[in-house]
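First up is the structure itself, then whatever we jot down about it.
Taken together, the values in this text are just the output of simple stated rules run on the coordinates, not laboratory data. Everything numeric here is computed off the predicted structure, so don't read it as measured data. Here the Cβ is made from the backbone with ideal geometry for all residues, glycine too, and neighbour counts use every protein chain on show.
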Protein chains: 2
Amino acid sequence: MSVLVVGSVALDSVETPFGKAEGVLGGSATFFSASASLLTPVQLVGVVGSDYPMQQLEPLAQRGVDLAGLEQADGESFRWRGRYRHDLNSAETLETRLGVFSHFRPKIPAQFRCAPFVFLGNIDPRLQLDVLEQVERPKLVACDTMNFWIESRRPDLLALLERVDLITLNDAEARQLTEEVNLVKAARWIMQRGPRYVIIKKGEHGAFMFTGASVFFAPAYPLEEVFDPTGAGDSFAGGFLGYLARTGDLSEANFKRAVVYGCAMGSFAVERFSIARFLEIGPMEIAQRVRDFHRLVTFEEDLDP
Amino acid sequence: MSVLVVGSVALDSVETPFGKAEGVLGGSATFFSASASLLTPVQLVGVVGSDYPMQQLEPLAQRGVDLAGLEQADGESFRWRGRYRHDLNSAETLETRLGVFSHFRPKIPAQFRCAPFVFLGNIDPRLQLDVLEQVERPKLVACDTMNFWIESRRPDLLALLERVDLITLNDAEARQLTEEVNLVKAARWIMQRGPRYVIIKKGEHGAFMFTGASVFFAPAYPLEEVFDPTGAGDSFAGGFLGYLARTGDLSEANFKRAVVYGCAMGSFAVERFSIARFLEIGPMEIAQRVRDFHRLVTFEEDLDP
């Protein structure tokens, strides 16, 4: 089954302690697609400017990312410039130029409107709501958001929450949205406003999935070399929804596996600049990373300690 | 099998967003003993002043903490006063009065010298080394340390590393000791200097155990109410070594379970001030918490995704 993603398609310029990349592929929809397409067909909706190096998206198209919903508009592409310091924990944004993205109005192509899985990347909640008007009863709708929308579009974001099955957000955003320091309470606050599933991402500290009364946790994989954290969250979402769409299994056991696939894909994202690592790996590497996760966290219970 | 702990026995005054406690039981050996004694007999070596409320240790003694190595000296007990802000992440030390602890020279009673498991709590590495001169071929020696000793007693600490099987330290301390930001590299640095096992504690973000080429991770339990983080690390160590001593099984599978018991005991520690929670719980609550951990992290691998 395919997954529809609506989000940004950008050009990133990133500086880390390990090197620099200028004008490389970035944006939430790009990372999501590069990750999810390793597991299932992807339909991408976004906008780029006339300066976008479209041929660099060719490897994604060949792998099953349908770019029919990627509009190319007159003007500049969305550009982000950022820097990570030694600890790689948080990006310092040096420059954001929205370009054609500032006028983005997602138009879902007719052939995308029946997508069973939908990911509303981190864009204006009004646009996320607008996308939901254009699609037909997906099996699962997930959204992401960020501090900027929590602050500036709170009523729209709350309206969106009523209409999504799942939200992914990071710990700081969960605290900001709910005004709860405790993440268990924050997740409950959110679930009371709509989503049946809340995934709280903690970056290098892993991710929690809350659902009803249960909670599941998967760590970030302890890599020896973290090269560039950009896009890890969207790659997580791509792995998570890509796995659900691939299997079509919405059981709790499968949601847990999907979280692990999300963490696995996030761990690949940070091993290279941009989406480079996703262009090197295939099913073998993914299966191996998931097995590594299993070994990382699995312990046998003792029945009579 | 019993476990010997050498460390501080203190009186803590703690302020959290949820309340205040004045002059309550604290110190590394106290938290360790309260935790470990729920699993196995404990032998405690430490020093208190003439002002110490010895009768408050009675519940621990009744539970199998042998206090024959707890010296009562003329003078004031070690007192620590600290405060946690809203996020409970880090303690702000308001006052430290070492009292009789500043002249502490551990004397291991003859009947303690054959303890198969030894925990060298966070004290001067010279004293930790001195303890090792007094004990007879333990099965497993573990130590803890802190930023102060890493800075002021580096050569002694490195000499200690050569003689311990395992070290527990937090992520900031691991980075400080090794000058490696990456925790995988930091752990390898430490293992190259002696310990076969390195446990890096990340507070609310869980704990890694590194051993040879393998790594195991257990999260901190996502509690709805974290009341007072004081002593969580020593309670972790108590659960970890207490479980190893109880089972006497030094297999890798059992070390993983021991990490989970450590995390379970750490999660109890933070639910009340001081050691109060350990005086309320028993085998049932511990087994339940370990089962909760299993549910929290366990996923079934898909053999054919």
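Evaluated on chain B, the Kirkwood hydrodynamic radius is 19.2 Å, with distances taken between all distinct Cα atoms.
Dividing the mean sequence gap of close Cα pairs (under 8 Å, 6+ apart) by how many residues the range A:79-157 holds gives a relative contact order of 25 percent. Sequentially through the range A:99-114, phi angles give Karplus couplings (6.51, -1.76, 1.60; θ = phi - 60°) of x, 5, 5, 5, 10, 4, 10, x, 10, 7, x, 3, 6, 9, 6, 9 Hz, Gly and Pro residues having no value and appearing as x. Measuring against 24 Å, Cα to Cα, the residue pairs A:Lys107/A:Lys139; B:Lys139/B:Lys202; A:Lys201/A:Lys256; A:Lys202/B:Lys20 contain B:Lys139/B:Lys202; A:Lys202/B:Lys20 as the ones spanning a longer distance. With the Kirkwood sum run over all distinct C-alpha pairs, the range B:184-305 has a hydrodynamic radius of 15.2 Å. Using θ = phi - 60° in the Karplus curve 6.51 cos²θ - 1.76 cosθ + 1.60, the 3J(HN,Hα) couplings for the range A:260-268 round to 5, 4, x, 5, 4, 5, x, 5, 5 Hz; x is entered for Gly and Pro. B:Ala73 label point (Cα plus 7 Å toward Cβ) to equivalent points in the other copies: 7.4 nm, shortest first.
Our summary gives the range B:183-252 a relative contact order of 18 percent, counting only alpha carbon pairs under 8 angstrom and 6 or more residues apart. Shown is the FRET efficiency for A:Arg63 and B:Cys114, computed with R0 = 41 Å from the Cβ-Cβ distance and rounded to the nearest 0.05: 0.05.
For the range B:45-62, backbone phi angles converted through the Karplus equation (6.51, -1.76, 1.60; θ = phi - 60°) give residue-by-residue couplings of 10, x, 9, 10, x, 6, 8, 6, x, 4, 5, 6, 8, 3, x, 6, 4, 4 Hz, Gly and Pro being listed as x.
Placing +1 on the Cβ of every Lys and Arg and -1 on the Cβ of every Asp and Glu, with nothing else charged, gives the range A:1-158 a dipole about its Cα centre of roughly 300 debye. The Cα atoms of the range A:73-182 cover 45, 43, 23 Å along the three principal axes, with the biggest extent listed first. Legend: mean number of C-beta atoms from other chains within 10 angstrom of residue C-beta atoms, peptide A:258-264, equals 1. Of all DSSP beta bridges confined to chain A, the antiparallel ones make up roughly 40%.
Label-point distances for B:Glu22 to the equivalent site in the other copies, using a point 7 angstrom along Cα→C-beta, read 6.6 nm when ranked shortest first. Inter-chain neighbour count for A:287-300: the average number of beta-carbon atoms from partner chains within 10 Å of each residue's beta-carbon is 5. Of the beta bridges in the range B:120-223, as assigned by DSSP with both residues counted there, near 55 percent are antiparallel. The Rg/Rh ratio for the range B:144-255, using Cα coordinates for both the radius of gyration and the Kirkwood hydrodynamic radius, is 0.96. Counting from the shortest, the label point at A:Arg97, 7 Å from Cα toward Cβ, is 6.4 nm from the same position in each remaining copy. DSSP finds beta bridges in the protein assembly as shown, and of those with both partners inside it, around 40 percent are antiparallel. Placing a pseudo-label 7 Å from each Cα along the Cα-to-Cβ vector at B:Glu162 and A:Glu180 gives an inter-label distance of 5.3 nm. Counting every other Cβ atom within 10 Å of each residue's Cβ, B:Ile108, B:Ile167 order from fewest to most as B:Ile108, B:Ile167. Here the protein assembly as shown is treated as a Stokes sphere of Kirkwood radius computed over C-alpha pairs; at 25 °C and 0.890 mPa s its diffusion coefficient rounds to 96 µm²/s. Computed over chain A, relative contact order equals 18 percent, with contacts defined as Cα pairs under 8 Å that lie 6+ residues apart. Each label point was placed 7 Å from the Cα along the Cα-to-Cβ direction; for B:Asp51 and A:Asp249 their separation is 6.3 nm.
Remark: mean inter-chain Cβ contacts per residue of A:214-222 equal 6, using a 10 Å Cβ-Cβ cutoff to other protein chain atoms.
Sorting the Cα pairs of the range B:1-128 by distance into bins of 5 Å, from 0 upward, gives 2, 11, 20, 23, 19, 14, 8, 3, 1, 0 percent per bin. Between B:Thr168, B:Leu94, B:Phe293, the Cα set farthest toward the positive side of the dipole of the protein assembly as shown (charges on each charged residue's Cβ, about the Cα centre) is that of B:Phe293.
Centre-to-centre, using Cα atoms only, the range A:1-26 and the range B:157-231 are separated by 33 Å.
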